Ligand SMILES: Nc1ncnc2c1ncn2[C@@H]1O[C@H](COP(=O)(O)OP(=O)(O)O)[C@@H](O)[C@H]1O
Ligand SMILES: [Mg+2]
């Protein structure tokens, strides 16, 4: 899986190096959590790396997004637009099913072979466009599949109601359909100060942090995420020790099993194994294959 940089300071390390190329990510948060800022940084990072950027806005108009991006310190955005590296698709006020089923595929086929970054900000109006769950699933699934054809996709979702309750109809379907889900939780907890925490809810085909991470919105920097207790220096020694222990029991395992496990460990060399009792695991492996 090729990783691409998210464009968010501090986030790549929590995603085992970045976002998987050609994957779909959903960023969920309440109004003001920083979703549009996140989407803008993601697009900007791609443009700086020579990729194209496509900003699909279903709600806010292009001018507003550009204005906020400039206010946040991204003055070169106008140059990218001028050079046609960054394009906006303004679908606000349109019938979404019509837009997704007709206009979007046309657009995608005209971008065939591109390696772009696509941001849909926010995806929420698509969910709202129909109350039928199957139609929602169909529309969102189709939209993600189409946009993925031209690159790596990031969608934002508005969070309503109780903060952190992601089980609502509006969030469940997009979460289920996407590869990676990031929750930006901003709330007034235990006092009057706004607390912001980022959490990676899931990320297919990637190791990732399972902790909550404080984040801030800084003018000129955008979203800035802190690692907190997450080990930034991988605990290779622990994996190394486990590999040594596994080597010791090679003779007691069928050779295909040993080979498979030893190969898997190569992929895990950067993985923090601190939550795994490796001694117990060695015994479990032995017991599983006893008498094979
Ligand atoms: N120029 C700025 N300087 C500092 N913080 C800003 C600036 N512009 C926006 N913000 C912060 O970003 C928040 C809005 O971010 P935004 O990405 O628009 O959120 P969302 O899309 O989730 O509603 C604001 O509530 C504010 O805290
Ligand atoms: Mg927004």
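Just so you know, all these numbers are worked out from the coordinates, no wet-lab data involved. Bear in mind the structure is a predicted one, so any value in this text is a computation, not a measurement. Virtual Cβ from ideal backbone geometry, glycine too; neighbours counted across all protein chains shown.
In table form, for the structure just shown:
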{"quantity": "Between 0 and 90°, nearest 10: helix 62-71 axis offset from the chain longest Cα axis", "calculated": "60 degrees"}
{"quantity": "Full-stretch length increase - residue 189, residue 148 - with 0.36 nm per residue and alpha-carbon distance subtracted", "calculated": "11.0 nm"}
{"quantity": "Burial ordering of 244, 40, fewest other beta-carbon atoms within 10 Å first", "calculated": "244, 40"}
{"quantity": "Residues 213, 208 arranged by fewest to most Cβ contacts within 10 Å", "calculated": "208, 213"}
{"quantity": "Rounded FRET efficiency, nearest 0.05, which uses the C-beta distance separating residue 210 from residue 169 and R0 of 25 Å", "calculated": "0.45"}
{"quantity": "Helix axis angle, 255-267 relative to the chain longest principal axis, alpha carbon, degrees", "calculated": "40 degrees"}
{"quantity": "Whole-Å semi-axes of region 1-57's equivalent ellipsoid (Cα gyration tensor)", "calculated": "18, 15, 11"}
{"quantity": "Principal-axis tilt of helix 278-288 within the chain, Cα atoms, nearest 10 degrees", "calculated": "70 degrees"}
{"quantity": "For the chain, calculated [θ]222 nm from helices alone, where every DSSP H run of n ≥ 4 adds -39500 (n - 2.57)", "calculated": "-10500 deg cm²/dmol"}
{"quantity": "Label-point separation in nm, residue 262 to residue 102, each point 7 Å along Cα→Cβ", "calculated": "6.2 nm"}
{"quantity": "Cα pair distances in region 1-106, grouped into 10 Å bins until the bin that holds the longest one, percent each", "calculated": "13, 42, 37, 8"}
{"quantity": "Debye equation applied to the C-alpha atoms of region 188-257, log10 I(q)/I(0) at 0.17, 0.20 Å⁻¹", "calculated": "-0.85, -1.00"}
{"quantity": "Cα-Cα pairs of region 236-287 separated by more than 14 Å (percent)", "calculated": "49 percent"}
{"quantity": "Relative contact order for the chain, counting Cα pairs under 8 Å that sit 6 or more residues apart, in percent", "calculated": "22 percent"}
{"quantity": "Cα point-scatterer Debye curve for the chain, base-10 log of I(q)/I(0) at q = 0.13 Å⁻¹", "calculated": "-0.92"}
{"quantity": "Computed over region 236-287: relative contact order in percent, which uses C-alpha pairs under 8 Å that are six or more apart", "calculated": "59 percent"}
{"quantity": "Relative contact order [Cα under 8 Å, 6+ residues apart], region 121-260, whole percent", "calculated": "13 percent"}
{"quantity": "Rounded to 5, the percent of DSSP beta bridges in region 3-225 classed as antiparallel", "calculated": "40 percent"}
{"quantity": "Likely footprinting exposure, 176, 9, 256, fewest C-beta neighbours within 10 Å first", "calculated": "256, 176, 9"}
{"quantity": "Rg/Rg_ref, region 110-235, where Rg_ref = 2.2 N^0.38 Å and atoms are Cα", "calculated": "1.20"}
